[in-house]
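The next block holds one structure in the form of structure tokens; read it before the comments.
The values are calculated or read from the model by the stated rules, or taken from the named source; none is laboratory data. If you're wondering where the values come from, they're calculated on a predicted model, not measured in any experiment. Note: ideal-geometry Cβ built from the backbone for every residue, glycine included; neighbour counts use all protein chains shown.
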Amino acid sequence: MPEQSNDYRVVVFGAGGVGKSSLVLRFVKGTFRDTYIPTVEDTYRQVISCDKSVCTLQITDTTGSHQFPAMQRLSISKGHAFILVYSITSRQSLEELKPIYQQVLAIKGSTESIPIMLVGNKSDEMAQREVETKEGEAQATAWKCAFMETSAKTNSNVKELFQELLALEKKRDMSLSIDGKRSGKQKRADKLKGKCSVM
Amino acid sequence: MLRQSLSILKQLSSVTKSQDATELLHEDLVMVEQRVEPAKKAAQVLHKKLQACMQSQSGLEAEKRMKKLPLMLLSISMAESFKDFDAESSIRRVLEMCCFMEKMLANMLADFEVKVEKEVLEPLNKLSEDDLPEILKNKKQFAKLTTDWNNARISRSQGSTGPQAKQDGLREEVEEAWRKLESIKDQYSADLLITDCFKHPLPRMFKNISELKEDNSQKGELSVVCKVYGEPLLSHLSRTNRDIAAPIQECIHMLLRTGMREEGLFRLAAAASVVKRLKTCLDQGTVDHSEFSMDPHAVAGALKCYLRELPEPLMTFELYTDWFKAAGEKDLTEKLEQFRVLLKKLPPENYNNLRYLVQFLSLLSEEQAINKMTPSNVAIVLGPNLLWPQAEGEVALFDMASASSVQVVTVIEPLIQYSSSLFPEAVSFEVPDLPEVPDVTLPSPVTHSVVAEKEKLSRTVSSSSSTTSSSSFHLPLSKTSRYWSARTDLYLEFRITT
């Protein structure tokens, strides 16, 4: 278990082309690019409020195109929270997450106190849907983690995803805003309850 | 009364006209009878010689045998020798590997010899020492009784004019002799039949020896050699007598046919199970192109895996830093010149395979309008599988790899982009005819290809199929003795009548 530091590290995992980078970029920069560029590995930093102070939210966008077990293990052992992304248009991409989840479980010992979000991205592409929302929910129940469907393209549920993830962290009190808008965040989280299931 | 005995006599004389014992036997049995003696001889000689072939002491457990085998002794000395080398030494690695192999071979040999002894030597010994002499004894007795019966019959016919009592006595004598003759004839026939049945197992036993041997060598190959994944490039190429590694060539052949237009080829994940099956097929050298061609992402995944699992990257550890130095060169002409120099420094095997692969990737990136895989994208997803640093521990690997996998793109991208100028050799695979998009962009040295090579390829693949055989023998007779050997799934079944 990493020492509590000023950094809060979130690692984004998922198969190639499911939209990990798009999600992160939408959250960090608020933009969406319709380009097709695989990621090697990118890290984004953002200052957030944490325990009445500030800390750096460090988001690691991993590559989905080549899994090097050694690299993956290190990302996991360094990470505090995990976002597991699949595309609702590809059943295979959900399958791909299973070994990653097992890996997280193996390295962290237990996922009880580790914030993990299972994310079905590309929720705008309803016509190509292969994975039903129910199936995603069922998988999240099995993994005892939270679940959400998002769309980086239409900016649906993206900010909520990160808020929810931070809310899952019980060891620290974190929020995305840095100017102490506690109540605002709290309301937001309540509003979210309907959309995401927290196990 | 007289008529009755006369009719018996008539009956008997019709059966036995001559004194030769063989006349009493069915003609099949006569044939078999002639084989008994040579069979005994053969069994004796072969038993002796086969015993001499055994490398281990007979009668011991497989484990004890193994310890005394020369192969095991070799393995032990190797184990002792490699301890003196430091962990990094390649000699140590080779010795470790050989030590393991020799031990495995010794183990297999010991198992094999135990099996040969149980399944071949023992039955052979029983055949030559017990069964066949028994038959020969019966044969003698049969001959003697035949003579007795004939004598009795003759003396009876001579004394047919004598008193009734004598006649009766003689008749009883004849009948008694006949009964004895019958019973020994039955036994002898049965013996001969067994012998005949043994004739089936006999050649089979020898077939078993050769099968066991074959099975052994196949197992050896399977575990020692048949792994293509993870095998050093050079040893794979020399073992299979190839220029291009089988997984590279096979996967590219499949991709050329069905994968060129696939969006995100090499980027998107394929079903792990399909990739695994394809890898197994490639390991065994039997790939059904039609089975996997429909799943180009799995084929791309298997190809990526092969490159990644090579003990040394295709672009070598030695030139690792040189590649980055060259890629850092600002001036394009100078950069390409440096690449050319480095390409010449690569071992010829690595160069050939890299050329083959990069020429294919270049062709793939020409379809970028459809597959979205630009040279840069291909370099990002495939680059880290072509070049990685030699690292001590996992942490070092990670730190170096995460930094270098960004850099590696700067090496691989120009390689793909300027493929035609860096690799002047003609493309040695069949360039598929893709309609719709005009092929005017093809670089000049691309030649349309050689079908012969493809044929050669498919031949080598189909001929090298290897499966462990299991065999059973059934003879449609009653008594069964079965030898079951769990380890090889090979069982032998002899059925013998009594």
Take region B:299-313 and flag every residue that is in a loop (DSSP other than H, G, I, E, B) and within 14 Å of chain A (Cβ to nearest Cβ). B:310, B:313
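Of all helices (runs of 4 or more DSSP H) completely enclosed by region B:314-390, which ones contain at least 1 residues that are over 30 Å from residue B:261 (Cα atoms) and free of Cβ contacts under 8 Å to residues at least 12 places away in the same chain? Break it down stepwise before answering.
On the way: elements: B:320-327, B:332-345, B:348-365, B:368-371, B:375-382.
Output list reads B:320-327, B:332-345, B:348-365.
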Can you tell me which of A:73, A:91 is closer than 26 Å to residue A:133 by Cα and out of contact with any Lys or Arg (no Cβ under 9 Å at 6 or more places or on another chain)? A:91
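Would you point out which residue out of B:384, B:389 is facing chain A (nearest Cβ under 8 Å) and either at pLDDT below 85 or crowded, with 22+ Cβ neighbours inside 10 Å (or both)?
Values: B:389 fails: facing chain A (nearest Cβ under 8 Å).
The conditions single out B:384.
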Conditions: (1) within 14 Å of chain B (Cβ to nearest Cβ); (2) crowded, with 16+ Cβ neighbours inside 10 Å. Residue A:115 meets all but one. Number of the miss? (1)
Among B:116, B:45, which is the only one that is loosely packed, with under 14 Cβ neighbours inside 10 Å and within 30 Å of residue B:135 (Cβ to Cβ)? B:45
When you scan region B:240-287, how many residues do you find that are under 22 Å from residue B:353 (Cα atoms) and more than 14 Å from chain A (Cβ to nearest Cβ)? 31
Suppose the filter is at the interface with chain B (Cβ under 9 Å from one of its Cβ atoms) and touching a residue at least 24 places away in the same chain (Cβ under 8 Å); does residue A:26 pass it? no
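What do you reckon, is residue B:79 assigned by TED's automatic domain parsing to the domain that holds residue B:146, within 30 Å of residue B:188 (Cβ to Cβ) and crowded, with 16+ Cβ neighbours inside 10 Å? Give the derivation first.
Working: assigned by TED's automatic domain parsing to the domain that holds residue B:146: yes; within 30 Å of residue B:188 (Cβ to Cβ): no; crowded, with 16+ Cβ neighbours inside 10 Å: yes.
The answer is no for residue B:79.
With the structure loaded, tell me whether residue B:408 is more than 22 Å from residue B:260 (Cβ to Cβ), buried (at least 22 other Cβ atoms within 10 Å of the Cβ), within 14 Å of chain A (Cβ to nearest Cβ) and modelled with pLDDT of 80 or more or whether it fails that test. Lay out the reasoning, then the answer.
On the way: more than 22 Å from residue B:260 (Cβ to Cβ): yes; buried (at least 22 other Cβ atoms within 10 Å of the Cβ): yes; within 14 Å of chain A (Cβ to nearest Cβ): yes; modelled with pLDDT of 80 or more: yes.
Criteria met by residue B:408.
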For the subset of region A:33-92 comprising residues that are away from chain B (no Cβ under 11 Å), of a type in the set (Gly, Ala, Ser) and in a strand (DSSP E or B), which member is nearest to residue A:112 (Cα to Cα)? A:81
Among the numbered conditions (1) under 26 Å from the mean Cα position of the chain (by Cα); (2) under 30 Å from residue B:139 (Cβ atoms); (3) of a type in the set (Asp, Glu), tell me where residue B:37 comes up short. (1)
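Is it the case, given these coordinates, that residue A:110 is at pLDDT below 90 and either outside any helix (DSSP H, G or I) or among the basic types (Lys, Arg) (or both)? Don't jump to the end; show me each part of the working.
Numbers: at pLDDT below 90: yes; either outside any helix (DSSP H, G or I) or among the basic types (Lys, Arg) (or both): yes.
Yes.
Condition check ((1) surrounded by 15 or more Cβ atoms within 10 Å (Cβ to Cβ); (2) modelled with pLDDT under 70; (3) not assigned by TED's automatic domain parsing to the domain that holds residue B:60) across all residues:
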residue: B:130; (1), (2), (3): no, no, no
residue: B:148; (1), (2), (3): yes, no, no
residue: B:158; (1), (2), (3): no, yes, no
residue: B:162; (1), (2), (3): no, yes, no
residue: B:168; (1), (2), (3): no, no, no
residue: B:176; (1), (2), (3): no, no, no
residue: B:181; (1), (2), (3): yes, no, no
residue: B:184; (1), (2), (3): yes, no, no
Which of the following residues is in contact with a helix residue (DSSP H, G or I) (Cβ under 9 Å, 6 or more places away or on another chain), in contact (Cβ under 8 Å) with a residue 24 or more places away in the chain and surrounded by fewer than 19 Cβ atoms within 10 Å (Cβ to Cβ): A:73, A:33? A:73
Filter result (touching a residue at least 60 places away in the same chain (Cβ under 8 Å) and not in a helix (DSSP H, G or I)) within region B:44-66: B:54, B:58
Pairs with Cβ under 8 Å, 6+ apart, first in region A:122-139 and at negative phi, second basic (Lys, Arg) and in a helix (DSSP H, G or I): A:130/A:91; A:131/A:91
Yes/no for residue A:129 being over 16 Å from the mean Cα position of the chain (by Cα), of a type in the set (Lys, Arg) and within 14 Å of chain B (Cβ to nearest Cβ): no
